[in-house]
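Before any comments, here is the structure.
The values are calculated or read from the model by the stated rules, or taken from the named source; none is laboratory data. Source: prediction; values computed, not measured. Heads up, the Cβs are rebuilt from the backbone with ideal geometry, glycines too, and the neighbour counts pull from every protein chain shown.
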Amino acid sequence: MLVSLFVACYNDLLFPQTGRAVVKVLERLGHTVEFRSAQTCCGQMHYNTGYIRESQPLLRRFVDTFRDAEVVCAPSSSCVAMIRDHYPKLAREMNDSRLVADVDQLVSRVFEFSEFLVKKLGVEDVGAYYPHRVTYHPACHSLRGLKLGDIPYRLLQKVRSLQLIELPEKEECCGFGGTFSIKNADTSQAMLADKVRTILDTEAELCIATDNSCLMHIFGSLHRGRTGVKTAHIAEVLASTEGEPFA
Amino acid sequence: MSIRIGKAAEAPPFQEAARHALEDSQLRHNMRHATHVIRNKRNKIVGELPDWEQLRATASATKAHVMRYLDLYLEKFEANVTKAGGHVHWASDADEARQIIRGLVEQHGGKEVIKVKTMTSEEIELNPELAAHGITPYETDLAELIIQLGEDFSSHFVVPALHINHLQIRQIFKRKMPLEQMGLPDLGEKPPELAEAARRYLREKFLRVKIGVSGANFAVAETGSLVVVESEGNGRMCLTLPDVLISLVGIEKVVPTFQDLEVFFNMLARSATGERMSPYVSVWTAVNPNDGPKEFHVVLLDNGRTRVLEDEEGRQALHCIRCAACLNACPVYGRTGGHAYGAVYPGPIGAILMPQLQALEHSQSLPYASSLCGACYEACPVKINIPEVLIHLRSELVQGKQARIGGRLSRENIGMKMMSRVFQNESRLRRAHKLARLGQGPFKADGVVSSMPGFSAWTRSRDLPAIPKQSFREWWHERQREKRA
């Protein structure tokens, strides 16, 4: 299958290793990956902060970029939730019937990375090896937006030598929420402190998620507290093999 | 007409009030304990119903239908109340509602009223109005009584005293109740002892006071009936013992038929307190010559509701049945408590209701008091898409800001506009990547940035990952070049 990668703007700049990991996993499974370099940002941050008009050209750009793609795969549950939950409505507000039709056509072909593996490709064992003790934080958009359910767990359970520890109170938000983390920094930090406490309680080496934005938030506190606990996107775990550990 | 709900317009912004609340260790403990207990009970009891999602869909559709034909159902309700011997009053705002209720009490020479727990009465600030005219209101819901005696404010609309614990309640009772006279000189700490004190304190009022004031959970158009759902039975005392009953009801509370209650009864108690059914469900239709109050008045309150109705996207806030499941589920509310919202209706539903009931500028910080985690939407029995409405209100605030020169020049607006432009052009994006990497350079240490001008709100408590040397797109293009070579 020809898979078009939407890497997400913050992964592009801050977490390029996640994009590389997606490429590695998909190629290992025998698929061809393309990266359309006109892609930039889905508009989620603008939209969620109330800058709807500023998010509109970004929707248009996303649609122009991926209109004829066979499938689009993105290692970011919040971007996929933005596209799936808000693009149809946003396109309608733009009064462009062609755009509405394009969005309706395209949305069903956009997948979050772990969902793409399990639901679209029907793969749970991607041949990964990751000799670490990890815990998994279900990011809000993967849990309540995309309703990924046990999909990420099924993938992680098939990883050899990986020890998966259940995260207590895992469904609680980490407090990131995009600009919420800045506008309501104190409440955000209070939520983060509890998330970090539960992560430390698992005595895991790493916290895994489907979204680097939440992980950036969690990492920020884990590192500040010199806890020695790291974070990694699920794609990076799945990219690792015994012969070629992914770092 | 400018609607103001309580003191919300004068309240400090949420983030400021939240900062203080977060430092109150007793409050943090009380909030965490109480919200977790109710949340767990709710999840268990909701989980019993295999058709929960169908119930949600039905409840949501019923409410949407009522909002579409609200005028017709209200007229029907009025006609049926009148036919059954009750009196209907219409109040366009809080001031009018206060005057109607005070007028009715004065007309009967009342110096005291007993009250069933009612949020609408808090919304219109009825108690201060009555007190200013020499009428003493007695709250009879245990939690509302605690709030009243403690001269405090409700912080939750099902469990108003959620923010305090039994030891704090004992202190309030010791300060405010004539315990010696009540035969309880040594009030203990155990909840049953505190409940006994409240019982003795209230019983005498139930038997003496001749005028009752209530709200209602539902108003049935088909029959002209009102419904109050409660746990203690104190509400039923107020609804049945006095000679005169005055019920203050928001116009959005109407449901078409008696049968519609089936769905809501199945959901309300489960969502609110994690019970299959509330211990007391009182339904009454105006007056009955052989039983209960001899005179019945219902005051139908608008107070901004018809304006909310005009906004097709925001109007779903009026579907709320005040179960407070969204409060118990919310990670923000669960930490700050209700007072930080500076609002009669706190929590996620309050954050979309308050800015709509009153002018948006009186509650500008509330639409941002959420991480949009979606727990509220998931818990809501009538499927109010709270995150969607929050975003809608944020966009109204942004557009209002952009209409003013000061707003256009704000750092946030300039930043957002610039980023939108950067993302509309690939070469601009590449240049922005280089610029960001360069700008971050001097602040980088050990792979992170621990402080940087302009980022203090983040870096005060969190490190930022440093920008790697190569972006994904640079890596990709390098790889493509190598492949071709």
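Structural remarks
- Residue within the stretch B:404-414 that is under 28 Å from B:Ile349 (Cα atoms), within 11 Å of chain A (Cβ to nearest Cβ) and not in a helix (DSSP H, G or I) present: no
- When residues of the stretch B:398-425 are limited to those that are among the hydrophobic types (A, V, I, L, M, F, W, C) and closer than 18 Å to B:Ala436 by Cβ, the one surrounded by the fewest Cβ atoms within 10 Å (Cβ to Cβ): B:Ile414
- Considering the stretch B:25-116, the qualifying helices (runs of 4 or more DSSP H), each wholly inside and each with 1 or more residues that are surrounded by 15 or more Cβ atoms within 10 Å (Cβ to Cβ), assigned by TED's automatic domain parsing to the domain that holds B:Thr285 and modelled with pLDDT under 95, run over B:25-46.
- For A:Val63, the criteria (1) at the interface with another protein chain (Cβ under 10 Å from one of its Cβ atoms); (2) out of contact with any strand residue (DSSP E or B) (no Cβ under 9 Å at 6 or more places or on another chain); (3) surrounded by fewer than 24 Cβ atoms within 10 Å (Cβ to Cβ) hold in every case but one, which is (1).
- Positions within the stretch B:260-319 being part of a helix (DSSP H, G or I) and of a type in the set (Val, Ile, Thr), in sequence order: B:Val263, B:Thr273, B:Thr306, B:Val308
- As a summary of the residue check, B:Lys383 satisfies the conditions (1) more than 10 Å from chain A (Cβ to nearest Cβ); (2) over 21 Å from the mean Cα position of the chain (by Cα); (3) touching a residue at least 12 places away in the same chain (Cβ under 8 Å) except for the one numbered (2).
- Restricting attention to the stretch B:438-480 and to residues that are among the basic types (Lys, Arg) and more than 8 Å from chain A (Cβ to nearest Cβ), the residue that is surrounded by the fewest Cβ atoms within 10 Å (Cβ to Cβ) turns out to be B:Lys469.
- Taken over the stretch A:138-176, the residue count meeting the criterion of being without any contact (Cβ under 8 Å) to a residue 12 or more places away in the chain and at the interface with chain B (Cβ under 7 Å from one of its Cβ atoms) is 1.
- If you filter the stretch A:123-158 down to residues that are farther than 28 Å from A:His86 by Cα and of a type in the set (A, V, I, L, M, F, W, C), you find that the one that is surrounded by the fewest Cβ atoms within 10 Å (Cβ to Cβ) is A:Val123.
- Boolean, B:Ile352 is touching a Pro at 6+ places or on another chain (Cβ under 9 Å) and at the interface with another protein chain (Cβ under 8 Å from one of its Cβ atoms): no
- The listed residues are A:Ser221, A:Ser161, and the only one of them that is at pLDDT 95 or above, surrounded by fewer than 23 Cβ atoms within 10 Å (Cβ to Cβ) and over 29 Å from B:His33 (Cβ atoms) turns out to be A:Ser161.
- B:Lys190 satisfies every condition listed in (1) more than 25 Å from B:Leu241 (Cβ to Cβ); (2) crowded, with 17+ Cβ neighbours inside 10 Å except (2).
- Subset of the stretch B:5-30 (residues that are within 10 Å of chain A (Cβ to nearest Cβ) and either hydrophobic (A, V, I, L, M, F, W, C) or at positive phi (or both)): B:Phe14, B:Ala18, B:Ala21, B:Leu22
- Any hit, the stretch B:282-296, residues being within 26 Å of B:Val81 (Cβ to Cβ), of a type in the set (A, V, I, L, M) and crowded, with 20+ Cβ neighbours inside 10 Å: yes
- Within the stretch A:185-217, considering residues that are touching a residue at least 12 places away in the same chain (Cβ under 8 Å), of a type in the set (A, V, I, L, M, F, W, C) and at the interface with chain B (Cβ under 9 Å from one of its Cβ atoms), the one surrounded by the fewest Cβ atoms within 10 Å (Cβ to Cβ): A:Ala193
- Here B:Glu204, B:Glu232, B:Glu193 are screened, and the one residue that is free of Cβ contacts under 8 Å to residues at least 24 places away in the same chain and in contact with a Leu (Cβ under 7 Å, 6 or more places away or on another chain) is B:Glu193.
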